[in-house]
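Beneath this line is the structure, given in structure tokens, with notes to follow.
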Amino acid sequence: MKRYILWLIAIFVLIVLQSAVFIPLNFDHVNLLLVLIVVSLLFADFDFGLIFSTICGLILDFLSGIPDGIFAFSLVSIFLILYFVVNNVLAKEPSLLILFASVAVATLLFFGLFLLYNQIFKMFGLATVINYKSLLLFDLPSALVFNLLLTFPVLKYYTWVENLNRKLSKNDPQPVSS
Amino acid sequence: MRFIYTKIFTKVFTAFVIIALLVILDALGYLAFLKNWFLEGYGFATTKVSAVTRSVKGGFTTIFTIKNLASDNALLNQQVDELSFENARLKAAREENLTLRRALNFKQESQFNLLAVEVLTLDPTGFSQKIVIDKGADANVQLNQAVVISPGLLVGKISRVYNSSSEVTLITDPSSLVNAQVVDSGAKGLVRGEHGLSLLFDLITQNELIKDGDLVITSGLSGNFPKGLLIGEISALRSNGTDLFQKAYILPAVDFRNLRFLFVIQ
């Protein structure tokens with residue numbers, strides 16, 4: 001439980017950084033939570049990754065002006081697709097090459113799934129209006145570049161939070177064995 | 001074993017059901033309180049951090065632009081002189097206009113009642129052109145009210161109201177439509193968002209005269225926005241003789257990436 005609380009705070013800090021630091025500095029369409037999900041699928045177990053991607057998706061849904069659910073479904077789907085590809089097709093060996101390739105694929109998938117779920121939500125009258133030309137010609141390349149640029153810092157952030165979690169767990173009082 | 005009996009399927013199914021439930025609850029408006037609370041906390045943190053970012057960015061910008069300060073200052077002084085002259089001329093014209101309106105018994109133009117607001121968040125995903133401001137139903141903010149940046153530059157309109165915050169759809173959002181007109185020629189058309197890149201001025205009849213640099217303001221038609229709010233200036237024309245209507249791109253007058261203090265027209 002403590003791990004999830006720590007990660008909730010870590011996600012909150014990351015999304016504040018994205019909004020308050022990277023976007024004012026014109027890092028348009030960077031998605032640090034997507035990069036964090038990719039890192040987590042390489043280093044964490046299935047349960048943690050699934051809960052993690054659901055929470056990240058819901059936070060993005062809350063903060064964007066887009067109907068709730070589109071980002072959550074997109075991020076969970078990306079996690080599932082990449083998890084099965086990384087575990088069943090590739091050997092699960094966390095290497096920087098696999099990490100960067102996964103971030104690139106995840107970014108492409110994110111845009112594709114966003115459009116797909118937006119179309120599905122359209123059936124219920126909940127979709128947002130999309131300018132496909134600008135989304136694919138301008139937003140996607142910019143997101144790809146910035147996500148790849150920030151992959152390594154996000155990896156460092158992930159390991160720092162996990163180390164912090166381990167340190168806090170060590171300080172917990174151990175149960176006395178009889 | 002079939003896949004649907006596996007533990008992984010159960011977990012994935014549970015996650016999708018939870019998200020679907022939250023979607024339904026949000027659509028019914030039951031999550032408004034939770035969202036309002038979350039946006040307040042997030043907005044508070046973002047405002048504090050972005051203030052630091054802005055000051056650092058401003059510091060670096062100053063260093064890089066310091067060599068141009070003398071020439072910029074001379075240029076701005078010249079502009080101040082020109083604008084002072086223009087201002088005096090417009091004041092005289094305004095007085096004359098008021099006198100003529102009174103003489104002709106025209107309806108007096110109403111003054112805007114402005115509510116000062118602060119931007120809490122910009123959409124961090126960039127997929128929508130929406131922002132959240134720090135006033136909501138508590139401050140009598142209502143749906144579809146126009147939002148401007150001082151003194152009368154159009155930013156967008158209120159698209160969702162919570163108790164103590166509201167969502168503003170910017171005019172650059174593809175769903176945004178604004179009835180507009182060119183200041184000089186009076187050519188009327190419809191301004192549509194182009195996803196943050198620019199604005200498209202559409203449905204201008206072929207017999208209207210428009211050119212690069214023309215200022216575009218709200219026309220007040222359809223009643224969505226008050227008349228006379230500045231939208232931007234025409235940056236490029238895009239039409240040929242065979243088209244039914246002329247089109248033009250508008251460079252917005254507002255920097256939508258650096259919004260902070262705004263006004264809601266009530």
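The values are calculated or read from the model by the stated rules, or taken from the named source; none is laboratory data. These figures come from a predicted structure and were not determined experimentally. Cβ coordinates were reconstructed from backbone atoms using ideal geometry, including for glycine residues, and neighbour counts include every protein chain displayed. Note: accessible area is taken over every heavy atom of the protein model, side chains too, but ligands, DNA and RNA are not part of it. Shrake-Rupley method; radii C 1.70, N 1.55, O 1.52, S 1.80 Å.
A:Gly69 is checked against (1) more than 13 Å from the chain's Cα centre (by Cα); (2) buried (at least 20 other Cβ atoms within 10 Å of the Cβ); (3) farther than 16 Å from A:Leu50 by Cα; (4) not aliphatic (A, V, I, L, M) and fails just one. What number does that condition carry?
Of (1) more than 13 Å from the chain's Cα centre (by Cα); (2) buried (at least 20 other Cβ atoms within 10 Å of the Cβ); (3) farther than 16 Å from A:Leu50 by Cα; (4) not aliphatic (A, V, I, L, M), only one is false for A:Gly69: (3).
Does the stretch B:230-242 contain any residue that is open to solvent by 30 Å² or more (accessible area, probe 1.4 Å), in a strand (DSSP E or B) and in contact with a Ser or Thr (Cβ under 6 Å, 6 or more places away or on another chain)?
To start, the set of residues in the stretch B:230-242 that are open to solvent by 30 Å² or more (accessible area, probe 1.4 Å) comprises B:230, B:233, B:235-242.
Then keep just the ones that are in a strand (DSSP E or B); that gives B:230, B:233, B:235-237.
From what is left, the residues that are in contact with a Ser or Thr (Cβ under 6 Å, 6 or more places away or on another chain) are none.
Taking every residue of the stretch B:230-242 in turn, none turns out to be open to solvent by 30 Å² or more (accessible area, probe 1.4 Å), in a strand (DSSP E or B) and in contact with a Ser or Thr (Cβ under 6 Å, 6 or more places away or on another chain).
Looking at B:Val119, is it more than 22 Å from A:Val16 (Cα to Cα) and part of a strand (DSSP E or B)?
Working: more than 22 Å from A:Val16 (Cα to Cα): no; part of a strand (DSSP E or B): yes.
It is false that B:Val119 is more than 22 Å from A:Val16 (Cα to Cα) and part of a strand (DSSP E or B).
Name, by its number, the condition in (1) open to solvent by 50 Å² or more (accessible area, probe 1.4 Å); (2) over 24 Å from B:Asp134 (Cα atoms); (3) away from chain A (no Cβ under 11 Å) that does not hold for B:Phe33.
(2)
Please tell me if A:Thr107 is closer than 19 Å to A:Trp7 by Cβ and modelled with pLDDT of 85 or more. Full working, then the answer.
Numbers: closer than 19 Å to A:Trp7 by Cβ: no; modelled with pLDDT of 85 or more: yes.
Taking the combined requirement at face value, the residue does not satisfy it.
With a cut-off of at least 2 residues that are facing chain B (nearest Cβ under 7 Å), name the helices (runs of 4 or more DSSP H) lying wholly within the stretch A:44-129.
Working: elements: A:46-63, A:70-84, A:96-122.
Fully inside the stretch A:44-129 and qualifying: A:46-63, A:70-84.
Test A:Thr151 against the stated conditions and say whether it is at pLDDT 90 or above and either farther than 18 Å from A:Val35 by Cβ or of a type in the set (S, T, N, Q) (or both).
Details: at pLDDT 90 or above: yes; either farther than 18 Å from A:Val35 by Cβ or of a type in the set (S, T, N, Q) (or both): yes.
Answer is yes for this residue.
Against the definition (of a type in the set (Gly, Ala, Ser) and in contact (Cβ under 8 Å) with a residue 40 or more places away in the chain), how does B:Ser128 come out, yes or no? Spell out the reasoning first.
Working: of a type in the set (Gly, Ala, Ser): yes; in contact (Cβ under 8 Å) with a residue 40 or more places away in the chain: yes.
Against the criterion (of a type in the set (Gly, Ala, Ser) and in contact (Cβ under 8 Å) with a residue 40 or more places away in the chain), B:Ser128 qualifies.
Which residue, of B:Ile4, B:Ile19, B:Ile8, is among the β-branched types (Val, Ile, Thr) and modelled with pLDDT of 85 or more?
On the way: B:Ile4 fails: modelled with pLDDT of 85 or more; B:Ile8 fails: modelled with pLDDT of 85 or more.
Result of the check over B:Ile4, B:Ile19, B:Ile8: B:Ile19.
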